[in-house]
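See below for the structure under consideration.
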Amino acid sequence: MPAPIRLRELIRTIRTARTQAEEREMIQKECAAIRSSFREEDNTYRCRNVAKLLYMHMLGYPAHFGQLECLKLIASQKFTDKRIGYLGAMLLLDERQDVHLLMTNCIKNDLNHSTQYVQGLALCTLGCMGSSEMCRDLAGEVEKLLKTSNSYLRKKAALCAVHVIRKVPELMEMFLPATKNLLNEKNHGVLHTSVVLLTEMCERSPDMLAHFRKNEKLVPQLVRILKNLIMSGYSPEHDVSGISDPFLQVRILRLLRILGRNDDDSSEAMNDILAQVATNTETSKNVGNAILYETVLTIMDIKSESGLRVLAINILGRFLLNNDKNIRYVALTSLLKTVQTDHNAVQRHRSTIVDCLKDLDVSIKRRAMELSFALVNGNNVRGMMKELLYFLDSCEPEFKADCASGIFLAAEKYAPSKRWHIDTIMRVLTTAGSYVRDDAVPNLIQLITNSVEMHAYTVQRLYKAILGDYSQQPLVQVASWCIGEYGDLLVSGQCEEEEPIQVTEDEVLDILESVLISNMSASVTRGYALTAIMKLSTRFTCTVNRIKKVVSIYGSSIDVELQQRAVEYNALFKKYDHMRPALLERMPVMEKVTTNGPAEIVQTNGETETAVLETKPPPSGLQPANQANDLLDLLGGSDITPVIPTAPPSKPASGGELLDLLGDLNLTGIPSITAYNKNGLKIEFTFERSNTNPSVTVITIQASNSTELDMTDFVFQAAVPKTFQLQLLSPSSSVIPAFNSGTITQVIKVLNPQKQQLRMRIKLTYNHKGSAMQDLAEVNNFPPQSWQ
Amino acid sequence: MRELCFITVGNAEIHFILLFSRQGKLRLQKWYTTLPDKEKKKIIREIVQIILSRNQKTSSFVDWKDLKLVYKRYASLYFCCAIEDQDNELLTLEVVHRYVELLDRYFGNVCELDIIFNFEKAYFILDEFIIGGEVQETSKKTAVKAIEESDMLQETVEEYMNKPAF
């Protein structure tokens, strides 16, 4: 029988497979050869065969038939065999297989082996995957090795002990004596693992913690070690960018944290060193900041004096200004945790936090938003709201619902005046009207009702808002309700807060009827509009007949809800006209209903994206399909020919695997593109690939207007080749303000399962300078990263 | 608002380490917790997908289930560590970087192919750096020396060449 092929040879051969099927065939052939070799109890090549099996296991193929062979390798006298055997055990075996217990005896023998590297293998394996039974059997051996003077073994024994304690907490006590002089070591490996062991013991057992606290030598000892690390000169062996053994420093800081928590004496003993670390650590690289971060966490968690706490928060404030987004991320996360307890200190960094709202990283933006809401108070509410409203305008769709809710809440708590409150609500409704949560509408209505002196102003502003655009449902609902209630104030021009507008009863009814007819109006919205029209019958004088007509038409509406309302209103006109004024009279001021407590701002990473988008009002979803079809018909279906798919590379990118891991790290993101730029209208596309589905590309379009007049009734339509699917979500509005003072954003989801080159035809319609504009364009400059 | 709970008692450890290419091919998997094989495969698929679809504008950290993923790309390989929620993410980046440095020191200008053809060595080196999810040795010199001396103990040298002939 020829010798089994070598490991590297097998790897090379398998990599030449051009298809999954070819690879599977090679693997099956080799597995069969390996199986017969195992059956022949071949000692010479067992190691080679198991190594090959481990490679195939990594590719995803079953390798359980090699488990016993691993045990045989471990029992062999050859070091080569043991090395692969233990590796195999760690990869293929775990505590759920009974057969793993057969290892126990071998490990016990190897723990007492004359060669330290064999002992090391045994300690490592036990420390990584030892089951509770194995740990019970072998704890004594580990404890022995914890006391050896061989630092190579001592450090491994310490971590092995940590694992034993995690698996069998009752065994913790037996390691206590050995910990007595662990920290007297000079060897950093032993020091590090000893600190980890002490940390584990203190975290798990309050008794242990008390014991170590009482040990008056421990905290000073840790402080001394830490001090030496900071003050000592350059030590090449442990240096990382000018800092001596950052790993050890951080672990010591963490242990200090546990010892100092809720303990005045311990906390006092470490105050100085914490201040020293906080002020002396280099901050130019990540490693220094890692230590500072841990220091801040420790300061905030122990009983530190207030000066130290302020120092810690200031470090976090400086982190916020760091170019490195990881550091900004970490700072915001920490500040979020401390904002309740150290509110004033965090307030000092408010402006930096607000700047982070403009960050490009989505997680950073989210944390900045949450922090911002936590920092709003009576003094800063005007300024903060301004920033948050601007954020609401320009942020990604996934934030808009939470941001809108947050603004409403903050406004309700801290509004400096009723007028400001109404204005703020208006702003939110007009900028993010479609993202406002459904429960916000009744709350807003109640608020408006109770602001009696603002009724005229409110209804006027709402009327003006929906005149331009009645697609944002929550806005339209609130507006309809108000117009229904206060329409009389509207037409009589009673507004004091601003210039009253001239509007006739007919004009008011025009807008309400448009809402009723519009495809964009949800059923609920139509209900609001119809009821509003009805109410106006007791507030308007000249148009009662018109109202009667409208109401009677809807008596035969297909929508059951509308039909019922219309029929009832009709009855009011016909048979119960004497009751009509009383029934439809002005709503009284409502009792202040307690809101549901602070709205939970859902904090997830990226998950809210799909959730929020799924609550979009259905009618907007209907539109894109129709529009896309229109677009295709216009351009002729055959015009859009499928693009020749680029052949997906079967081999990895050339040279990719040969690239130095530590070579140049030039990383570029998916660049945005300008999809259209004509006549002052510019449309930019920014891209994101879906977290959950690699075939989905999420395009956010931003339309801006550099001319001196607004573009209104803006509608964006898109068509893609047949192999794609398109989903257009609701735009943020239909007005692009002039002078680039605002944008319309709209999200497009493109499903591209065949990963073909993305192409798109777009159609733009809008009103500008009094005339209707229309344009068609093709977008061909999609970056490859957006569809590959 | 996030619950105010600054530090919770828990296992401060690395739960698992994954190395994979830009095409999502797994190059190394080290698990420090016990899970069924099927579960591991599912997790790997999920995480590879999440990380490969992150764009460059985001940070190196991803909240995933009750853990945090810390990842960094070195040339064609992604290194991903799953740590507990209260662990120091910035330090974990240093841990990852240290592992790459150890590989580099051992292989000399390490590239992905080295790790493909010498995967068992990559594991040996990792096991000299981390045990049970915790760092065991903070000196580069000491860790690499241990591997090299272990190599000398091997009986069949031609089986394990340092540099593959490809």
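Observations on the structure shown:
- In terms of distances greater than 18 angstrom between alpha carbons, the cross-link table entries A:LYS29/B:LYS40; A:LYS325/B:LYS72; A:LYS52/A:LYS82; A:LYS156/B:LYS140 yield A:LYS29/B:LYS40.
- Note on B:82-95: average number of Cβ atoms from other chains within 10 Å of each residue's Cβ is 5.
- Computed helical MRE - 222 nm, chain A, DSSP H runs ≥ 4 contributing -39500 (n - 2.57), nearest 500: -17500 deg cm²/dmol
- Restricting the calculation to Cα atoms, region A:342-458 shows an Rg/Rh of 0.98 when the hydrodynamic-style radius is the Kirkwood one.
- Cα extents for region B:14-160 along the principal axes, largest to smallest and rounded to whole angstrom: 44, 33, 29.
- Over chain B, relative contact order from alpha-carbon pairs under 8 Å, at least 6 apart, %: 22
- Hydrodynamic radius by Kirkwood, which averages 1/r over all alpha carbon pairs of region A:128-254, in angstrom: 15.2
- For the cross-link pairs A:LYS167/B:LYS30; A:LYS227/A:LYS285; A:LYS155/B:LYS68, the ones whose C-alpha atoms lie over 22 Å apart are A:LYS155/B:LYS68.
- Taking GluC sites (Glu not before Pro) in DSSP loop states with no more than 11 other Cβ atoms inside 10 Å as exposed sites, chain B has its longest site-free stretch at B:4-154.
- Region B:69-119 versus region A:762-788: alpha-carbon centroid distance in Å: 44
- For region A:433-519, applying the loop criterion from DSSP together with a ceiling of 13 other beta carbons within 10 Å to the GluC sites (Glu not before Pro) yields A:GLU496, A:GLU498.
- Using the Cβ-Cβ distance between A:SER114 and A:ARG437 with R0 = 60 Å, the FRET efficiency computed as 1/(1 + (r/R0)^6) comes to roughly 0.25.
- Here A:CYS70, A:CYS495, B:CYS81 are placed in order of increasing Cβ neighbour count within 10 Å, fewest first, which gives A:CYS495, B:CYS81, A:CYS70.
- Three principal axis extents of region A:82-151 based on alpha-carbon atoms, in descending order, are 35, 25, 17 Å.
- The HN-Hα couplings worked out from phi for region A:467-484 by the Karplus form 6.51 cos²θ - 1.76 cosθ + 1.60 (θ = phi - 60°) are 4, x, 7, 10, 9, 7, 4, x, 4, 5, 5, 4, 4, 4, 4, 5, 4, x Hz, whole numbers, x standing for Gly and Pro.
- Longest to shortest principal axis, alpha-carbon extents of the protein assembly as shown, angstrom: 107, 72, 50
- Proximal lysines relative to A:LYS400, as straight alpha-carbon distance under 16 Å, when same-chain residues fewer than 8 apart are discounted: A:LYS358, A:LYS365, A:LYS386, A:LYS616
- Checked against a 23 Å cut-off, the cross-linked pairs B:LYS121/B:LYS145; A:LYS755/B:LYS38; A:LYS147/B:LYS121; A:LYS749/A:LYS769 give Cα-Cα distances beyond that limit for A:LYS755/B:LYS38; A:LYS147/B:LYS121; A:LYS749/A:LYS769.
- Cα centroid separation - region A:708-759 against region A:499-539, whole Å: 29
- Cross-link partners for A:LYS574 among the lysines, with Cα-Cα distance under 20 Å and sequence neighbours closer than 8 places in the same chain left out: A:LYS535, A:LYS548, A:LYS549.
- Distance (nanometres) between label positions extended 7 Å along Cα→Cβ at A:THR19 and A:ARG224: 7.1
- Part-to-part distance (alpha-carbon centres) for region B:35-61 and region A:430-490, which is given in Å: 45
- Residues B:TRP64, A:TRP481 arranged by fewest to most Cβ contacts within 10 Å: B:TRP64, A:TRP481
- The length gained by stretching the chain between A:LEU176 and A:SER394 to full extension, at 0.36 nm per residue less their Cα-Cα distance, is 72.6 nm.
- Packing-based exposure ordering (other Cβ within 10 Å, fewest first) of A:THR148, A:THR541, A:THR525: A:THR541, A:THR148, A:THR525
- Residues whose amide H lies under 5 Å from that of A:ALA738, counting only those 5 or more places away or on a different chain, are A:ASP710, A:MET711; hydrogens are built 1.01 Å from N in the peptide plane.
- Taking a straight Cα-Cα cut-off under 18 Å and skipping sequence neighbours fewer than 8 places away in the same chain, the aspartates and glutamates within cross-link reach of A:LYS108 are A:ASP81, A:ASP94, A:GLU95, A:ASP98, A:GLU133, A:ASP137, A:GLU141, A:GLU143.
- Stretching A:LYS214 away from A:VAL310 to a fully extended chain increases their span by 31.7 nm, per 0.36 nm per residue minus the current alpha-carbon distance.
- Candidates per GluC sites (Glu not before Pro) in region A:240-347, loop by DSSP, up to 13 other Cβ within 10 Å: A:GLU282, A:GLU305
- Take the Cβ atoms of A:ALA582 and A:ASP355, set R0 to 41 Å, and the FRET efficiency comes out at 0.15.
Read-outs throughout are calculated quantities, based only on the coordinates presented, and are distinct from any laboratory measurement. It should be emphasised that the depicted structure is a prediction, and the values quoted were computed from it without experimental measurement. Neighbour counts run over all protein chains shown; Cβ positions are idealised from the backbone, glycine included.
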